[in-house]
Amino acid sequence: MSSNFDHARDLVYGQDRDRYLAALFAAEATRPGLLALYAFNTEISRVRDLVSDPLPGEVRLQWWRDFLQGTEHGAANANPVAAALAETVERYQLPKTALVSMIDARVFDLYDDPMPSLNDLEGYCGETASALIQLGAIILNEGADPGAGEIAGHAGVAYALCGLMRALPWHAARGQMYLPADLLARHGVEPQAVLKGETTPELLAALKELRSHVRHHLGRVRASVSEIPSNVAPAFLPLALVQPFLKKMEAPGHDPLTTPVELSQLRRQWALWRAARKSRFHV
């Protein structure tokens, strides 16, 4: 493959190791396209980390919108991820509207606005993580819709909610709140206390409820797991890490605002390998 795809692969390897490892279980012919998609996701999901205020972030995201909608600012080949993505979109006929919706959802990341409700949060997860799984499944199915959209929806929400709970210490430290306002209000959590790094019984109760929502979506995936074609299973593989992460969050004495929720690289690889070796994806 071209150096553009090599660049995309290296970016995912460095910034999104779990999806990189999961992609290794994909068919060799479709793997470069899958990694190009993941590299695009990496680029738009880390914009907040690369800018000092929202306006430059808006500009970066608009560049990607313009690129997908045919208005280029400079040659696409100047951006190897964009070039690899363009080739992938054309080869697998990926719906550009879904990619643009992923970009639009990332605007929320640039600001410190509160997440209004759990429904809004699940919508955000659906437009980002769920869409990524569904688009990956299309690539792995050689451009044809494998009919796994509903399962991808539940899988992406479960994976993203788990990730946002893991990232709570970093988000709180920079004044960003993904925990939905209705969930916090239901448990009497003061958002400012969270942003100050204060772990309270009310916050622990709210996170317990949020983990129950993760398990609900995992259950929906398990109930339909036989409908996931084996060739598209690698797009779902990162979901195998959710249960181990939840278990770490529920360990006695765990402080969600000070203790990072991590798994060793060996344990992550083992979990992904164990899920991938089954005839059909398993969580």
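Table: residues versus (1) in contact with a Leu (Cβ under 7 Å, 6 or more places away or on another chain); (2) over 20 Å from W273 (Cα atoms); (3) among the β-branched types (V, I, T); (4) crowded, with 16+ Cβ neighbours inside 10 Å.
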position	(1), (2), (3), (4)
R9	yes, no, no, yes
V12	yes, no, yes, yes
R17	no, no, no, no
A23	yes, no, no, yes
R31	no, no, no, yes
L34	yes, no, no, yes
N41	yes, yes, no, yes
V59	no, yes, yes, no
Could you say whether any residue in the range 98-118 is within 16 Å of Y38 (Cα to Cα), aromatic (F, W, Y), touching a helix residue (DSSP H, G or I) at 6+ places or on another chain (Cβ under 8 Å) and open to solvent by 10 Å² or more (accessible area, probe 1.4 Å)?
-> no
Select the helices (runs of 4 or more DSSP H) contained entirely in the range 168-283, then report the ones holding at least 3 residues which are closer than 25 Å to G126 by Cβ and either in contact (Cβ under 8 Å) with a residue 24 or more places away in the chain or open to solvent by 30 Å² or more (accessible area, probe 1.4 Å) (or both).
-> 168-173, 181-186, 201-223, 242-249, 265-276
Taking the range 43-54 as the search range and keeping residues that are open to solvent by 10 Å² or more (accessible area, probe 1.4 Å) and over 18 Å from L94 (Cβ atoms), which one is nearest to the chain's Cα centre (by Cα)?
-> R46
Residues satisfying the stated conditions in the range 52-96, i.e. modelled with pLDDT of 95 or more and β-branched (V, I, T) | V59, V81, T88, V89
Out of all the residues in the range 36-52, is one or more in contact with a Gly (Cβ under 7 Å, 6 or more places away or on another chain), touching a residue at least 40 places away in the same chain (Cβ under 8 Å) and outside any helix (DSSP H, G or I)?
-> yes
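The values are calculated or read from the model by the stated rules, or taken from the named source; none is laboratory data. Computed from a predicted model, the values in this text were never measured in an experiment. Please note: Cβ atoms are built from the backbone with ideal geometry, for glycine as well, and neighbour counts cover all protein chains shown. Note: areas computed on protein heavy atoms with side chains; ligands, DNA, RNA excluded. Shrake-Rupley method; radii C 1.70, N 1.55, O 1.52, S 1.80 Å.
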